[in-house]
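Encoded as structure tokens, the structure appears first; notes follow it.
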Amino acid sequence: EDKVVQSPLSLVVHEGDTVTLNCSYEVTNFRSLLWYKQEKKAPTFLFMLTSSGIEKKSGRLSSILDKKELFSILNITATQTGDSAVYLCAVEVIMASGTYKYIFGTGTRLKVLA
Amino acid sequence: DVKVTQSSRYLVKRTGEKVFLECVQDMDHENMFWYRQDPGLGLRLIYFSYDVKMKEKGDIPEGYSVSREKKERFSLILESASTNQTSMYLCASRLWGTDTQYFGPGTRLTVL
């Protein structure tokens, strides 16, 4: 059975700290791995990763994928209170019908204290 | 900008009622998805549709059905709502062949 596991489940840090969020997966027919940020409502897209070892970066956030060890990390440097959210990892898999679906992890809840 | 809207933000229904959750997207996306999100369980796929009148079961389709009569609208139907269907329901859409899903704001459904 396909599964995506995120750790830690929750995390509390102070502003300025650096955090690393983990996502490991076991799936058949991997296509890509995606990270989302979810605040009060809808998840918003952060990164999509398809190749091992290539870092994606956006401001203070960065992410990398290891397809051999089947995991990805999301780094946030110099955290701010606005980074407080649930961070979701999703793995896109190819189905027999040729379409794709997403399998989500349970998320990591990050709280950044002022 | 892609916009995905859902008919209600909050909904309270009684056990046994038929419930319709509507999702509309305005970007001509072929693929649409329905998820539920529960604490400790993350997002779980209920059904998805890769084009008009097409539907495919996700991981937890039991107790739900869907309808996709028009490209922009994907409806989730609870034929007879039960208390274990109390959850946050999220709709998403995606352009065929691309990788990014766009989510709606969610509907928090409570079944009493």
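The values are calculated or read from the model by the stated rules, or taken from the named source; none is laboratory data. Predicted, not measured: the structure shown is a model, and the values here were computed from it. For neighbour counting, all protein chains shown are included, and Cβ atoms are generated from backbone atoms with ideal geometry for every residue, glycine included. Note: areas computed on protein heavy atoms with side chains; ligands, DNA, RNA excluded. Shrake-Rupley method; radii C 1.70, N 1.55, O 1.52, S 1.80 Å.
Values as computed for the structure displayed
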read-out: Average other protein chain Cβ within 10 Å of Cβ, residues A:93-100; value: 3
read-out: Cα Rg, Dmax (largest Cα-Cα span) when computed across the protein assembly as shown, Å; value: 17.5, 51
read-out: Residue-by-residue Karplus 3J(HN,Hα) for the stretch A:94-108, coefficients 6.51, -1.76, 1.60, Hz, glycine and proline x; value: 8, 9, 4, 6, x, 8, 10, 9, 10, 10, 9, x, 7, x, 10
read-out: Residue-wise HN-Hα coupling along the stretch B:45-51, computed from phi with Karplus coefficients 6.51, -1.76, 1.60 (Hz; x: Gly, Pro); value: 7, 8, 8, 9, 9, 9, 5
read-out: Cleavage-rule hits, trypsin sites (Lys or Arg not before Pro), the stretch B:23-112, DSSP coil, Cβ neighbours within 10 Å at most 15; value: B:53
read-out: Peptide A:28-39, shielding by other chains (average Cβ, 10 Å cutoff); value: 1
read-out: Under Karplus coefficients 6.51, -1.76 and 1.60, residue-wise ³J(HN,Hα) of the stretch B:29-40 in Hz, glycine/proline x; value: 6, 7, 9, 9, 9, 10, 10, 10, 10, 10, x, x
read-out: Inter-site label distance for residue B:108 and residue A:40 at 7 Å from Cα along Cβ, in nm; value: 1.0 nm
read-out: Beta bridge orientation in chain B: antiparallel %, DSSP, nearest 5; value: 90 percent
read-out: Cross-link pairs beyond the 31 Å C-alpha cut-off, checked among B:3/B:55; A:40/A:101; A:68/B:70; A:56/B:53; A:56/A:111; value: A:68/B:70; A:56/B:53
read-out: In Å², nearest 10: area of residue A:20 left accessible to a 1.4 Å probe; value: 60 Å²
read-out: Paramagnetic reach from residue A:113 (point 7 Å along Cα→Cβ, amide N under 20 Å) across the stretch A:1-16; value: A:8-16
read-out: Environment charge of residue A:31, counting only residues whose C-beta is closer than 10 Å and scoring Lys/Arg +1, Asp/Glu -1; value: -1
read-out: Accessible area (Å², 1.4 Å probe, nearest 10) - residue B:28; value: 100 Å²
read-out: Shielding score for B:100-106, defined as the mean number of other chain Cβ atoms within 10 Å; value: 5
read-out: Sequence-separation-based contact order of chain B, relative, with Cα cut under 8 Å and 6+ spacing, percent; value: 36 percent
read-out: Computed E for residue A:1/residue A:80 - FRET, C-beta separation, R0 41 angstrom, nearest 0.05; value: 0.65
read-out: Kirkwood Rh and Cα Rg combined as Rg/Rh, chain B; value: 0.95
